[in-house]
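Peer 1: Sending over a structure as structure tokens; questions will come in a sec.
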Amino acid sequence: MEYIKLKHPHHFKKKEFPPLSMALGFFDGVHLGHRHVILEAKKTAAADGTKSAVMTFDPHPSVVLGKSVQHVEYITSIEDKISLVKEMGIDYLFVVHFTRAFSELLPQEFIDQYVIGLNVRTMIAGFDYTYGKMGRGTMETLPFHSRGMFENKVVSKFTVEGEKVSSTRIRAAIREGRLEELPALLGRRYTTSGTVIHGDKRGGTSLGFPTANVNIDDYIPPATGVYSVRIKVKGIWCKGVCNIGYRPTFKERLEPKPSVEVHIFDFNDDIYGEYVAVEWHTRIRGERKFAGINELVLQIEKDKQEARGYFENQQS
């Protein structure tokens with residue numbers, strides 16, 4: 001796959017690209033609904049003898065347009081998104097750097113510069129896709145803005161259990177800790193990546209359960225509590241139990257963000273500074289404050305055994 005980062009205004013010429021069948025969208029999560037759109041581009045490319053392409057945007061428009069705080073939490077980081085699109089066998093991935101100047105493009109200007117100007121022969125998008133300033137361009141206006149230079153395909157909504165698969169639905173499930181629902185929506189387990197950082201080191205000293213404290217700043221944090229997880233360390237998947245939360249047994253005040261602490265089964269290596277992936281499986285319990293360390297240690301042992309039992313049942 002050829003990865004191309006576009007900065008506005010871009011200076012690519014139409015002749016620099018082969019004819020493309022291109023899917024457009026923000027695609028946070030690259031969930032099954034998104035895959036439905038992307039695979040339609042791949043299918044169209046195979047039928048028409050063109051090359052398949054995907055266009056997405058980074059960062060989220062709300063960061064630039066002031067609709068939210070300056071730090072947005074994602075289902076997938078841009079690195080994850082690139083990897084997932086590559087796994088789908090797409091030929092070209094365009095990532096447009098979303099800026100205020102880019103957001104000011106009129107719908108016709110966007111189509112002229114970022115669709116026609118990149119030699120797109122067929123544009124594929126979901127039924128609710130919008131483009132151009134204030135999202136004034138829609139799939140209904142697209143035939144007019146195409147100037148007859150390309151075809152377009154509208155992909156209808158993709159549903160699971162009668163409800164649209166959307167990033168909003170997935171975000172809600174993550175924040176509420178319903179992670180066992182996500183494989184049916186994402187097509188995979190929810191996975192976050194980050195660096196192992198130094199924490200309070202309480203787990204390996206007073207508690208007897210050493211943990212890897214993982215920074216997941218760019219991702220939506222699951223609901224606080226204890227989870228069965230897998231963690232990928234140096235290319236190897238290991239099983240474990242994870243606590244995400246504010247450690248109320250030891251902290252009187254809530255910290256700005258929850259900590260993510262993974263106890264890896266049968267593992268004693270020093271992995272500070274390692275970049276790891278945490279694959280979230282199922283929530284064991286919510287976070288709560290314990291009367292003391294002894295009560296907490298007993299509960300951690302129960303959590304550990306429940307997580308082990310979960311993975312044993314998964315294998316059987």
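Peer 1: So which trypsin sites (Lys or Arg not before Pro) in region 88-141 pass both tests, a DSSP loop state and at most 13 other Cβ atoms within 10 Å of the Cβ?
Peer 2: Hits after loop and neighbour filter: Arg136.
Peer 1: Still on this structure, please answer the following. Local charge sum around Lys257 (other residues, Cβ-Cβ under 11 Å, Lys/Arg +1, Asp/Glu -1)?
Peer 2: -3
Peer 1: Given N residues in region 1-123, what is Rg(Cα) / (2.2 N^0.38 Å)?
Peer 2: 1.04
Peer 1: Turning to a different aspect of this structure: Using modelled amide H (1.01 Å from N, peptide plane; none on Pro or chain starts), what sits under 5 Å from the amide H of Ala212, excluding residues fewer than 5 places away?
Peer 2: Answer set, sorted by chain and number: Val262, His263, Ile264.
Peer 1: For the chain, set up a GNM with springs between Cα atoms under 10 Å and report which of Gly240, Gly117, Gly292 has the largest fluctuation.
Peer 2: Comparing Gly240, Gly117, Gly292 in a Gaussian network model of the chain, the most mobile one is Gly292.
Peer 1: Report, largest value first, the span of the C-alpha coordinates of region 99-226 along each principal axis, in whole Å.
Peer 2: 70, 37, 24
Peer 1: Grab every C-alpha pair in region 157-316, bin the distances at 10 angstrom width from 0 up to the longest one, and report whole percents.
Peer 2: With 10 Å bins starting at 0, P(r) equals 10, 40, 35, 12, 2, 0.
Peer 1: With bins 10 Å wide starting at 0, give me the P(r) of the chain over every alpha carbon pair, in whole percents.
Peer 2: 5, 24, 29, 20, 14, 7, 1, 0
Peer 1: Ile4 to Thr130: FRET efficiency via 1/(1 + (r/R0)^6), r the Cβ-Cβ distance, R0 22 Å, to the nearest 0.05?
Peer 2: After rounding, the FRET efficiency stands at 0.45.
Peer 1: Please turn the phi angles of region 4-17 into ³J(HN,Hα) values with the Karplus equation 6.51 cos²θ - 1.76 cosθ + 1.60 (θ = phi - 60°), one per residue in order, whole Hz, x for glycine and proline.
Peer 2: Result, ordered by residue: 10, 9, 9, 10, 7, x, 7, 10, 6, 9, 3, 5, 6, 10 Hz.
Peer 1: Do the sum for the chain: with -39,500 (n - 2.57) for every DSSP H run of n ≥ 4, divided by all residues, what is the mean residue ellipticity at 222 nm, to the nearest 500 deg cm²/dmol?
Peer 2: The per-residue figure over the chain is -7500 deg cm²/dmol.
Peer 1: Same structure again: With all protein chains present and a 1.4 Å probe, how do Lys43, Lys81 order by accessible area, largest first?
Peer 2: The ranking, largest first, comes out as Lys43, Lys81.
The values are calculated or read from the model by the stated rules, or taken from the named source; none is laboratory data. Computed from a prediction, not measured in an experiment: that's the story for all the values here. Note that each Cβ is placed from the backbone with ideal geometry, even for glycine, and that neighbours are counted across all protein chains shown. SASA here: full protein model, heavy atoms, side chains in, ligands and nucleic acids out. Shrake-Rupley method; radii C 1.70, N 1.55, O 1.52, S 1.80 Å.
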